[in-house]
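Working notes for the structure below.
The values are calculated or read from the model by the stated rules, or taken from the named source; none is laboratory data. This structure is a prediction, so every number in the text was calculated from the model and none was measured. Note that we place each Cβ from the backbone using ideal geometry, even for glycine, and neighbour counts take in every protein chain shown. Note: accessible area is taken over every heavy atom of the protein model, side chains too, but ligands, DNA and RNA are not part of it. Shrake-Rupley method; radii C 1.70, N 1.55, O 1.52, S 1.80 Å.
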Amino acid sequence: MFEDKGVAEVVIRKSRFIGHLLPVTSVAQADAALSALREAHKTASHNCFAYTIGLDGTPVERFSDDGEPSGTAGRPMLELLRRRDIHNTLVVVTRYFGGTLLGASGLVHAYQDASQAAMEATTALTCVRMRKVRVSCDYATFGKLEYAYAQAEYLVGEKTFTEDVGMDLTVTEEEAERLSKMTADLSSGQARIEMDDVAWFGRRPDGSVVRL
């Protein structure tokens, strides 16, 4: 999945191929985004698309050549998404015909190249099942826990300082149990831990995360 939309253009033998990539989480959202792009580029020769939606179980996948020769646009775009193990993503490639036929092989490469360029224009997220954790402790314990979390490379987010200290962390399912035990041991059972249900998060290249 990707964090933001990406747009990129490639020109091949005077035909313009504009790749649009959008993160989507439902078929309705994908269809609405596709309709908006078709309206914005209603004078284009073709608006071909592919999308894959779903993180649990079998994804919903659809594609369209939108008038290009069968198998030269939508399916190659979908195969690119599959090959890169990309989910919850809509790719639309808008073509403004330049007057020169590219042939089946040329079209496949053009549509995949425009899709790839759009992917490179935004930030890819690695989808991971994680928990949001809230740790509350006294000031005497705070430094010890903060150091231990940093050594364990746990992702610590917002910190609050009132009568006690609060720390928000985001950890994987596997890390949650270890975090709980570490916190209890280092605080002699005095720190309080609250855990949200497991949910899907996207991890950025820098290690920070965003809830999907």
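For the chain, the Kirkwood radius over C-alpha pairs fed into Stokes-Einstein at 20 °C and 1.002 mPa s yields D = 110 µm² per second. Modelled spin labels at GLU3 and ILE193, positioned 7 Å past Cα toward Cβ, are 2.8 nm from each other. Taking Cα centre as origin and charging only the Cβ of basic (Lys, Arg, +1) and acidic (Asp, Glu, -1) residues, the dipole magnitude of the chain rounds to 860 debye. Taken as Cα centroids, the stretch 132-178 and the stretch 191-212 sit 13 Å apart, rounded to the nearest whole angstrom. Here the stretch 38-178 has 47 percent of its accessible surface on carbon and sulfur atoms, given a 1.4 Å probe and all protein chains in place.
Note on ALA40 and ASP164: with the Förster distance fixed at 45 Å, the Cβ-Cβ geometry gives a FRET efficiency of about 0.30. Per-residue ellipticity at 222 nm from helix content only, as computed over the chain with -39500 (n - 2.57) for each DSSP H run of at least four residues, stands at -10500 deg cm²/dmol.
Each residue of the stretch 91-105 was assigned a 3J(HN,Hα) from its phi angle through the Karplus expression (A = 6.51, B = -1.76, C = 1.60, θ = phi - 60°), giving 10, 10, 10, 9, 10, 9, 5, x, x, 10, 6, 9, x, 4, 5 Hz with x at Gly and Pro.
Each listed q (0.22 Å⁻¹) maps to a log10 I(q)/I(0) for the stretch 101-212, found by the Debye formula over equal Cα scatterers with no solvent: -1.16.
Here the relative contact order of the chain, from alpha carbon pairs under 8 Å that lie six or more residues apart, stands at 22 percent. Peptides 141-153, 163-175 ranked from most to least packed give 163-175, 141-153, packing being the mean of other C-beta atoms within 10 angstrom over each peptide's residues. Under the convention that each Lys and Arg Cβ holds +1 and each Asp and Glu Cβ holds -1, the size of the dipole of the stretch 90-212 around its Cα centre is about 380 debye.
Leaving out ligands and nucleic acids, note down the accessible area per residue over the chain with a 1.4 angstrom probe, in whole Å².
Accessible area per residue: 51 Å².
If only the Cβ of Lys and Arg carry +1 and only the Cβ of Asp and Glu carry -1, the dipole of the stretch 7-114 around its Cα centre is close to 320 debye. Shown in residue order for the stretch 191-203 are the 3J(HN,Hα) couplings computed by the Karplus curve 6.51 cos²θ - 1.76 cosθ + 1.60 at θ = phi - 60°: 5, 9, 10, 10, 10, 6, 5, 5, 8, 7, 10, x, 9 Hz (x for Gly and Pro). For GLY157, the residues whose amide H sits under 5 Å from its own are ASP168, LEU169, THR170, ignoring neighbours fewer than 5 places away on the same chain, with H placed 1.01 Å from N.
Label zone of VAL210 (point 7 Å out along Cα→Cβ, amide N under 18 Å): in the stretch 18-47 this covers 20-26, 29-30, 33.
Projecting the Cα atoms of MET167, ALA32, SER188 onto the charge dipole of the chain (Cβ charges, centred on the Cα centre) puts ALA32 farthest toward the positive pole. For the stretch 72-125, a Kirkwood hydrodynamic radius built from all Cα pairs, placed in the Stokes-Einstein relation at 10 °C and 1.306 mPa s, yields a translational diffusion coefficient of 134 µm²/s.
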